[in-house]
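So the structure is just underneath, and the comments pick up after that.
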Amino acid sequence: APALPPAQAMPARPPAIAARLAEAPLPDFGSRDAPKLVALGSALARAKGDRQAVRWTHAQAMLARRRPDAALGALAVMAADEPLLRRVPAWRLTTAYAEVQLLRGDAAWALLDDPALAAAPVACALRVRAAALMPRRVDADELAIWLRCATPAVANWPRRDRRLYALAAARLGLTAGLPDAADRALASLPDRDAAANLLRARLAVLRGDT
């Protein structure tokens with residue numbers, strides 16, 4: 001009888017990315033990593049092999065390029081392949097960041113509702129952004145906690161994100177009755193910033209300076 005050909009080993013399947021992301025540090029969306037992510041995402045978009053890792057890095061790169069729609073597409077495909085990802089804090093945080101970029105505060109808020117993200121600086125910063133996009137009123141004590149928590153994350157963000165955060169913090173400070181917090185947020189913005197000047201005018205009225 002003819003000899004049987006040797007059995008070919010099946011290629012090893014990469015470990016589930018949900019488990020890997022659950023053990024990895026949370027992304028911070030900082031400006032120092034943006035150029036690297038953009039370049040890496042462009043290369044990995046054409047790669048094969050560990051498709052979930054490719055999609056994850058591509059999503060990060062699209063966020064760095066301010067293409068949240070493309071990032072959400074990659075994140076959705078990841079979750080379709082591994083539904084457990086929807087419970088992983090890193091995936092939820094990254095998806096919330098994309099939703100905030102798309103000005104969808106309600107969607108971002110729901111994703112940030114996770115005990116593992118309660119005290120994460122990036123999550124606190126995104127709560128400020130999301131809450132400013134929603135009609136809900138924020139409690140003053142709650143807002144003060146978020147603002148303290150968010151500080152180290154915002155310091156690493158690109159200038160555009162820092163500006164949007166400062167405007168959101170100022171708006172919430174005004175509506176929550178924290179004029180000093182609003183003032184501190186506006187102090188980080190230049191005098192020529194039209195949106196900031198509108199909030200400065202509201203702050204002056206609130207303080208009776210007019």
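Could you please let me know if ALA150 is in a helix (DSSP H, G or I) and over 13 Å from LEU26 (Cβ atoms)?
yes
Being among the aliphatic types (A, V, I, L, M) and touching a Phe, Trp or Tyr at 6+ places or on another chain (Cβ under 8 Å) is the filter; apply it to the stretch 113-137 and report the residue that is most open to solvent (accessible area, probe 1.4 Å).
Looking at the filtered set, the residue picked out is MET134.
Provide a single number: the residues in the stretch 148-188 that are open to solvent by 30 Å² or more (accessible area, probe 1.4 Å) and of a type in the set (A, V, I, L, M, F, W, C).
The number of residues fulfilling the criteria is 4.
From the list ARG92, ARG65, ARG55, exactly one residue is surrounded by fewer than 18 Cβ atoms within 10 Å (Cβ to Cβ) and either touching a helix residue (DSSP H, G or I) at 6+ places or on another chain (Cβ under 9 Å) or modelled with pLDDT of 95 or more (or both). Which is it?
Working: ARG92 fails: surrounded by fewer than 18 Cβ atoms within 10 Å (Cβ to Cβ); ARG55 fails: surrounded by fewer than 18 Cβ atoms within 10 Å (Cβ to Cβ).
Answer to the check: ARG65.
Condition test on ARG200, is it open to solvent by 80 Å² or more (accessible area, probe 1.4 Å) and outside any loop (DSSP other than H, G, I, E, B)?
No, not satisfied.
Just checking, does the stretch 176-184 include any residue being touching a residue at least 24 places away in the same chain (Cβ under 8 Å) and either under 16 Å from ALA108 (Cβ atoms) or basic (Lys, Arg) (or both)?
No, the stretch 176-184 contains no residue that is touching a residue at least 24 places away in the same chain (Cβ under 8 Å) and either under 16 Å from ALA108 (Cβ atoms) or basic (Lys, Arg) (or both).
Which of the numbered conditions does ASP141 fail, given that it passes all the others? Conditions: (1) more than 16 Å from TRP91 (Cα to Cα); (2) part of a helix (DSSP H, G or I); (3) in contact (Cβ under 8 Å) with a residue 12 or more places away in the chain.
Every condition holds for ASP141 apart from (3).
Identify, by number, the condition in (1) at negative phi; (2) open to solvent by 10 Å² or more (accessible area, probe 1.4 Å) that LEU103 doesn't meet.
(1)
The values are calculated or read from the model by the stated rules, or taken from the named source; none is laboratory data. Predicted model, so just to flag it, every value in this text is computed and none were measured. Cβ sites come from the backbone with ideal geometry, for glycine too, and all protein chains shown count toward neighbours. These accessible areas exclude ligands, DNA and RNA; they are computed on the full protein's heavy atoms, side chains included. Shrake-Rupley method; radii C 1.70, N 1.55, O 1.52, S 1.80 Å.
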